[in-house]
Amino acid sequence: MSIAEDDIKKFERADCEQDRVFYQAMEEVICSISPLLESDERYARHAILERLVVPDRIIKFKVVWMDDNQNIQVNTGYRVQFNNSLGPYKGGLRFHPTVNEGILKFLGFEQILKNSLTGLPIGGGKGGSDFDPKGKSDFEVMKFCSAFMTELHKYIGPRMDIPAGDIGVGAREIGYLFGEYKKITSSYEGVLTGKPFMFGGSLMRPEATGYGAVYFTETMLDMEGKESLEGKICTISGAGNVALHAIEKLQQIGAIPVTCTDSKGTIYDPRGVDLCLLKELKLEKRASLEEYIVAHPEAKYIPVSEYPKGGHAVWDIPCYAAFPCATQNELTEIDAQNLISNGCISVTEGANMPSTPDAVDAFLAHKLCFAPAKAANAGGVAVSEFEMAQNASMSKWSFEKVDDKLKETMQQICKRVSLTAKDYGVEGNYVDGANIAGFKRVADAMIAEGI
Ligand code: GLU
C-alpha cells in the first residue's frame, strides 16, 4: 500500500456525511503530496499530515435575533481556526443554509494551502452560519450580523483571526459586523477585511477574486503555449461577487463571456453578457436571473429543471475557457465531458472546489489547462492581506497599486505551481503543483516552530 492510500484510510470516516466534502478536499491533497512525503522523511517524523488535518479549534455558538415580524429566530454560528503557522487565521465567513461544520472544515483546510500559496503571512480559517440572507430585509441582516458578532468578537483580533466575506457575506454584512465589533470592544482596528472603503476597506477587494482568476488564466495559457483569451468565448457559472468580476475583467481584456447562472437557471447571451444589467439585477435588486431576458429577449434562459439531471446547461455551451464561479461540486464528470467534447481548452476554478474529483480527473486526462481553486481564486485573500497591511500602517493604496500587486501575486502563484509540478515529475498538473507548493511552505513552518 502506498503512503497516499495508507494515509487516506487512516483519516477517512465515510460514516460522517457532513464531512464528505472535507474528506474529498483532504484526499486530493494527500494523493498530490505523496511524492513529497516519500522523498522527505521529515514530514512523517514530525507528523505534519496528522497535525495539519485537524483544526486548532472549532468554535460553535448560538445566534439569536429578531426578524421584522417580531419573531425570534435561532441560527448556528461557527469559526474554524485551522492553522496559524504562517500567520493569523485568515479566511471568509459564509452565510448560507447549507453551512455546517463539515463544509467549513473543507473550506478552512483549503484556505490553509491557498493562503500559503500566496506567499503572504496568513494562516487558514473559515466560519459562517446557516443563516440565509436571501429574502431578508436590510434590517434583518443587520440584526443577524450584530447577534453573530456578539459571540464571535471573543475569538477574533487583528493579530489573531481576521474573517472576511464568502458566499452570502459582502461589504454590507462586513460593514454591520465591523460596526458591532467596534461597539462591543471600543476598538477601531483591522479585525475584518472586505470592509467598505470609507472605513478601512481596500480598493479592489470586491473585484480581487474574479480579476485574480483571469490574471491567473492569462499567465497559465501563456506558460502552456496556448492562445490568449482575447476574442475567445468564455463560459462562467455563478452571478455573485466572483462571477461578476471575472466577467468584468474578461470583457476588459477583449474576451467574450456569454453565460452566468444562479440557483434557478442559466443565462446564455451569445453576444456577450450585459454586465451593467447583471450588476443591477444581482447587486441592487437582488433579483432572479430570469429577469435578464425581460431586457434581452434574444438571450436564452434555461431553468435548472429543463436540463437533464447530473449535468448543467452552462457547461454544455461551446467555449474556449470555462470559469466555474458558483459553489463546490457544481461541475460534474458529465459537465467535464461536455466541455471537453465541445473543444474547451482551459478551466479556471473561481469558486472553492467547484469541480468534482471525476471532473478533475477528466480534465487532467485530456490535458486541459486546469487551474485549481486554491491557486486560481487566491486573489481575494491576497487583497485581504493588502487590506490588513493598509490598516496596520494607517494608509490607503491606490487602485493601480492594488491591481499591480494583485497581478504580480497571481503571476507568481501560477509560476510557483507550474515549477513545483515540473520539479515533482508531473509537469502541467496544476492540482499537484498547487497542493505540493502550498503544503510545503506551511509544513516547513510547522517543523520550524516545533510542537
Ligand atoms: N472567502 C474568500 C476565499 O475563499 C476570501 C477569504 C479572505 O479574504 O479572507 O478565499
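The values are calculated or read from the model by the stated rules, or taken from the named source; none is laboratory data. The shown structure was predicted, so the numbers you read here are calculated from the model rather than taken from an experiment. Cβ coordinates were reconstructed from backbone atoms using ideal geometry, including for glycine residues, and neighbour counts include every protein chain displayed. Each accessible area value is taken on the protein alone, full model and side chains, heavy atoms only, with ligands, DNA and RNA left out. Shrake-Rupley method; radii C 1.70, N 1.55, O 1.52, S 1.80 Å.
Points to keep in mind about this one:
- Subset of segment 234-281 [over 26 Å from Asn329 (Cβ atoms) and part of a strand (DSSP E or B)]: Ile256
- Close pairs (7 angstrom Cβ cut-off, 6 or more residues apart or separate chains): free of Cβ contacts under 8 Å to residues at least 60 places away in the same chain and more than 17 Å from Arg286 (Cβ to Cβ) in segment 166-190, of a type in the set (D, E, K, R) and open to solvent by 50 Å² or more (accessible area, probe 1.4 Å) anywhere: Tyr188/Lys182
- Residue match in segment 64-82 (condition: within 23 Å of Gly433 (Cα to Cα), open to solvent by 20 Å² or more (accessible area, probe 1.4 Å), at pLDDT 95 or above and more than 14 Å from the ligand (Cβ to nearest atom)): no
- Residue check, Val381 under 25 Å from Gly240 (Cα atoms) and either at pLDDT below 95 or within 12 Å of the ligand (Cβ to nearest atom) (or both): yes
- The conditions of being in a loop (DSSP other than H, G, I, E, B), touching a residue at least 40 places away in the same chain (Cβ under 8 Å), more than 23 Å from Val74 (Cβ to Cβ) and among the hydrophobic types (A, V, I, L, M, F, W, C) are met by Ile122.
- So Gln412, is it part of a helix (DSSP H, G or I), open to solvent by less than 10 Å² (accessible area, probe 1.4 Å), polar (S, T, N, Q) and at negative phi: no
- Flag if Lys396 is open to solvent by 40 Å² or more (accessible area, probe 1.4 Å), of a type in the set (D, E, K, R) and closer than 24 Å to Ile162 by Cα: yes
- Among the residues of segment 415-451, those identified as of a type in the set (Val, Ile, Thr) and buried (at least 17 other Cβ atoms within 10 Å of the Cβ) are Val417, Thr420, Val426, Val431, Ile436, Val442.
- Residue within segment 127-150 that is within 14 Å of the ligand (Cβ to nearest atom), outside any helix (DSSP H, G or I) and within 19 Å of the chain's Cα centre (by Cα) present: yes
- Qualifying residue in segment 157-166 (condition: among the basic types (Lys, Arg), part of a loop (DSSP other than H, G, I, E, B) and more than 13 Å from the ligand (Cβ to nearest atom)): yes
- In the set Phe370, Phe386, Phe363, only one residue is at pLDDT 95 or above, more than 14 Å from the ligand (Cβ to nearest atom) and in a helix (DSSP H, G or I); that residue is Phe363.
To keep it simple, each residue is scored yes or no on (1) buried (at least 18 other Cβ atoms within 10 Å of the Cβ); (2) within 26 Å of His96 (Cα to Cα).
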residue: Cys325; (1), (2): yes, yes
residue: Thr332; (1), (2): yes, yes
residue: Asp335; (1), (2): yes, yes
residue: Asn338; (1), (2): yes, no
residue: Glu349; (1), (2): yes, yes
residue: Met353; (1), (2): yes, yes
residue: Thr356; (1), (2): yes, yes
residue: Ala359; (1), (2): yes, yes
residue: Leu364; (1), (2): no, no
